[in-house]
Each structure stands twice: as structure tokens, then as C-alpha cells.
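Have a look at the structure below before the remarks.
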Amino acid sequence: MTSSALQIPAAIKSSSSAFFGRLPSTSNIGSSTVSPSVRKNGACKCVDAPPAEQKTGYKTRVTRNANMAKLQAGYLFPEIARRRTTHLSKYPDAQVISLGIGDTTEPIPDVITSAMAMRANSLSTVEGYSGYGAEQGDKKLRAAIASTYYKDLAIEETDIFVSDGAKCDISRLQVLFGSEVKMAVQDPSYPAYVDSSVIVGQTGLFQKDIEKYGNIEYMRCAPENGFFPDLSTISHVDIIFFCSPNNPTGSAATRDQLIHLVQFAKDNGSIIVFDSAYSMYISDDSPRSIYEIPGAKEVAIETSSFSKFAGFTGVRLGWTVVPKELLFSDGFPVAKDFNRIVCTCFNGASNIAQAGGLACLSPEGLKAMDETIKFYKENTEIIVDTFKSLGFDVYGGRNAPYVWVHFPGRSSWDVFAEILEKAHVVTTPGSGFGPAGEGFVRVSAFGHRANIKEAAKRIKQLYSFWNKQR
């Protein structure tokens, strides 16, 4: 089969990974020297250091933020990009297919882009021009989000803060919580949770022997516990970051599991930050919102996004729900402080993007988004079937655009390198999402259909022989 391969940018965009995987080679990234720190297993880690030949020039008297110096990350996706570049220099005619970074690939539906174009054109008229909008978001859009995603859940438009994406809101929430709280995170999980915690000063130093930061509770989520943590082993925490469906494992929490999570938060006086960025991919009866669980409004914030629903990864539009029932220990409403953070740090989402958001939530827009999601889920089925046919244990995929594949006894980075070298396909090493991700790779379903089929063909050719030798 031949196909026009999806091209990967020279520098793959990424958040700094709070969990950086084992990087078994010495490399130069940008102008910094990356020096290896040899571990007992023979693998190396990248440690950023200034080039030896660099001369020290004028220095200010400003001390570097010590929390930034704690970060051990930032090399997961740049390292993947470097290896891709090296691979292409070795194989200049290779058609490299990216199933790594979770970026959408299909065009935004016309019903949505038409609305954005109309709004953009109106800005060139006296009647249609508008400048700053409400920091909390357009009133009509907030109402549409409430009626579409929180119908019958008693979430009001005033509980909703429209933003430029869930990732940005995660950092704003960390500013809200401050440096004195202790947080818990699923392991493995989206790296922004931990990185933002480090930056605001919530954590201790990175403990290299266990690959974890101090003062963070890593809630192990693995096949043996159904990708839901044993909460009885968790010490007291203030903030619980919980993503369902989970990135990277693709696992969605059941209703009973979320009931247990909400009760745990109540018993411990904690706040849950529930990331529902992939909720529209849920195919079974797993809850799409934490507010489907009784009592959740008293202990939970929910953040979500149009990125993976409508292809808005570049448009940038999301929202966060902070119910008025959620109170700090002194009885002060969390929403009031978050509103102050938003008004101080943000001037509101783009009015053009918000017009697109309103179009997304129209009957035609919802239907169009469903079709796009259906397309990606069909891609997921192809990937799941491919690895299952080869005898691998495969997780996720049913309720998320990610497939989590187990390579027992093997380094995630070694598997990544093997698939890139022999199949010209980019994946993501599971160890980049946390220590519990070692031995797994994440395969993204975001891709053109021809590329997905071609990647499946190559992977089958690679591992059909390998499995015969097992």
C-alpha cells in the first residue's frame, strides 16, 4: 500500500513532561548540551547543561526561580523530534507516519469554520466590531455549554469560565491553589499536572531513584487495578487531578469508581480537578462529567476543551466549571477566587474562537463533531485490531483516541526506537507519562485514514516475525 505520509514538524510541540522517560542516548538539542547520567540499567537521562565553550557575559542580579530548576523534564517530545530528524537523515526517502503526539488531523467542519469566518468578517464593520469581551466568556456560549454538557446536572452558565483551552486553565488553577497544597495525580497521566505543580512550588525535589517528585502522591493506574487507583493507600492530599477518559491509557472511570473518588474527596476535604477533555469519545455508560455523581459539586472542578471534539487544537477554546457550592476551608467560594485569577491573568477567549464554539454546539455542529469523533474512533479500532492480532495486551481505545500497548519486560524507549527504525512510525514511550508507564507505548488515533492503514500494515510486518520468535 502506498500513501501520502503525514508530515511531522521539525519540532514537535509539547508541554514540558513532568515525567521524563529514559533517554538512552547522548544528544544535542538546540544550543544546549545534553549529557547522559548513566543508570544501573545502562540507560541514560538527558540533563540540560550550558555548552562548554559558552562564555559568561553580563548577568543580572535576579535569582532564578528555584522551582524552575527542579524541573527534570522538557525532553520527551523534543527528544522524539530529534530522533525523527536523525531517522530522516539516515533514511531521507522514508515516509514517516506520526501516531505520537495527540494532535488532530482532520479539517474542522464547515458549519463551524463558516461561523468563525462570518465573525471575523464582521470585525471589519462598525456594526460588527467588538474589542475586549467578558473575561468569563460570551454569555451565549456559557449558556450553550451548560445546556449541552450539563443538562439536568444543575450547572448554571455562571459556573462556567470560557478559556483558551484546558491546559491553560490547569495552570491558572495551580495559581489559585498556591504553593502550600499537596496534590495527587494518576500515574501515568498528562504531564502538565505535575509540571505546573512543580513550577508553583508545591513539590519537593525530584527523586531520581524512583523517578518521582517529593510531596506528590502518585496514584498508580495499571492493568492489575483496572487503571483506577487504590485510594486506601493514598495519604492526605488537597488537590486530586483526575482525567477520564485518561490520557495516555485511554481508560474511562466507571460510575462506581467515580462515586468512590467523590466520597474519598469528601472524607479527606480534598478538591478534585476533573479533566474531561475526551468525554465525547465515551461509548459506554461511563460518566462524561464528574457532576453526574451526587455531591460532586461540593468537591470538584471540571475542565474541558473543544480541541479533540472539533479539531480546535490550533483555534484554542475550552472551559472550566467551578460550582458555587465548592468552598475553601474558611467557607469562601472557590469560584470567586478563580474569577479574580481569570480577570487578572486573562482577557477572555478570542471572540472568533467563541463564535466557533457556539457553532459547535448548534444541532448541525454537534452532528459534525460526532462524525469527526466517529472517524477517529474508527482509526482506533484499526490500531487496536492490529496489535491484538499480533498477540499484544492492548488497553484503551474504546472510550478514547489513544491505544495503550504493553511490551512486558521492555523499555518504552527501546520499543519506540524499534518501531521508528523498522517501521518508520512515531509512537510515544509510556515512561514519558510517569513511572507506571514503563513497558508501554501510546499510539494515537489522530491521523488520516490512509496513514493509519499504512502504519498498521508496517507494524504487522514488523511484529509478525517477532511474535513467531517468542
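The values are calculated or read from the model by the stated rules, or taken from the named source; none is laboratory data. A quick note: this is a predicted structure, and the numbers were derived from the prediction, not measured. As a convention, Cβ positions derive from the backbone with ideal geometry for all residues, glycine included, and neighbour counts pool all protein chains shown. For accessibility, only protein heavy atoms count, side chains too; no ligands or nucleic acids. Shrake-Rupley method; radii C 1.70, N 1.55, O 1.52, S 1.80 Å.
Computed values, structure above
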quantity	calculated
Residue among Asp138, Asp209, Asp164 that alone is in the same structural domain as Gln257 (by TED's automatic domain parsing), acidic (Asp, Glu) and open to solvent by less than 50 Å² (accessible area, probe 1.4 Å)	Asp164
Qualifying residue in segment 326-345 (condition: assigned to a loop (DSSP other than H, G, I, E, B), within 25 Å of Ser130 (Cβ to Cβ) and among the aromatic types (Phe, Trp, Tyr))	no
Matching residues in segment 242-300 - criterion: being within 17 Å of the chain's Cα centre (by Cα) and of a type in the set (Lys, Arg)	Arg288
Residue in segment 410-419 that is among the small types (Gly, Ala, Ser), in contact with a His (Cβ under 7 Å, 6 or more places away or on another chain), modelled with pLDDT of 95 or more and within 23 Å of Tyr218 (Cβ to Cβ) present	no
Filter pass, Glu180 being touching a strand residue (DSSP E or B) at 6+ places or on another chain (Cβ under 9 Å), acidic (Asp, Glu) and either in the same structural domain as Phe309 (by TED's automatic domain parsing) or assigned to a loop (DSSP other than H, G, I, E, B) (or both)	no
First in segment 313-337 and within 27 Å of Ser350 (Cα to Cα), second anywhere and hydroxyl-bearing (Ser, Thr, Tyr) and part of a loop (DSSP other than H, G, I, E, B), Cβ under 7 Å, 6 or more apart	Thr313/Thr104
Qualifying residue in segment 393-401 (condition: closer than 30 Å to Thr427 by Cα, basic (Lys, Arg) and crowded, with 22+ Cβ neighbours inside 10 Å)	no
Selection within segment 351-379 - open to solvent by 60 Å² or more (accessible area, probe 1.4 Å) and out of contact with any helix residue (DSSP H, G or I) (no Cβ under 7 Å at 6 or more places or on another chain)	Pro363, Lys367, Asp370, Glu371, Lys374, Glu378
Among (1) in contact with a Gly (Cβ under 8 Å, 6 or more places away or on another chain); (2) of a type in the set (Val, Ile, Thr); (3) open to solvent by 10 Å² or more (accessible area, probe 1.4 Å), the one test that Val262 misses	(3)
Leading residue by the ranking (nearest to Val342 (Cα to Cα)) among those in segment 183-208 that are assigned to a strand (DSSP E or B) and touching a residue at least 24 places away in the same chain (Cβ under 8 Å)	Met183
Members of segment 223-247 found to be closer than 21 Å to Pro408 by Cα and touching a helix residue (DSSP H, G or I) at 6+ places or on another chain (Cβ under 6 Å), listed by number	Phe228
Residues being closer than 24 Å to Gln207 by Cβ and open to solvent by 10 Å² or more (accessible area, probe 1.4 Å) - total across segment 411-430	2
Scope segment 380-392; condition of a type outside the set (A, V, I, L, M, F, W, C) and either within 21 Å of Phe228 (Cβ to Cβ) or crowded, with 24+ Cβ neighbours inside 10 Å (or both); matching residues	Thr380
Matching residues in segment 61-102 - criterion: being in a helix (DSSP H, G or I), touching a Phe, Trp or Tyr at 6+ places or on another chain (Cβ under 9 Å) and of a type in the set (A, V, I, L, M, F, W, C)	Leu76, Ile80
Complete set of residues in segment 111-141 that are in a helix (DSSP H, G or I), in contact (Cβ under 8 Å) with a residue 24 or more places away in the chain and not aliphatic (A, V, I, L, M)	Thr113, Ser114, Arg119, Lys140
Residue count, segment 435-457 (criterion: crowded, with 23+ Cβ neighbours inside 10 Å and either outside the structural domain of Ile101 (by TED's automatic domain parsing) or in contact with a His (Cβ under 8 Å, 6 or more places away or on another chain) (or both))	1
Top-ranked residue of segment 356-394 - restricted to ones that are polar (S, T, N, Q) and in a helix (DSSP H, G or I), ranked as nearest to the chain's Cα centre (by Cα)	Thr380
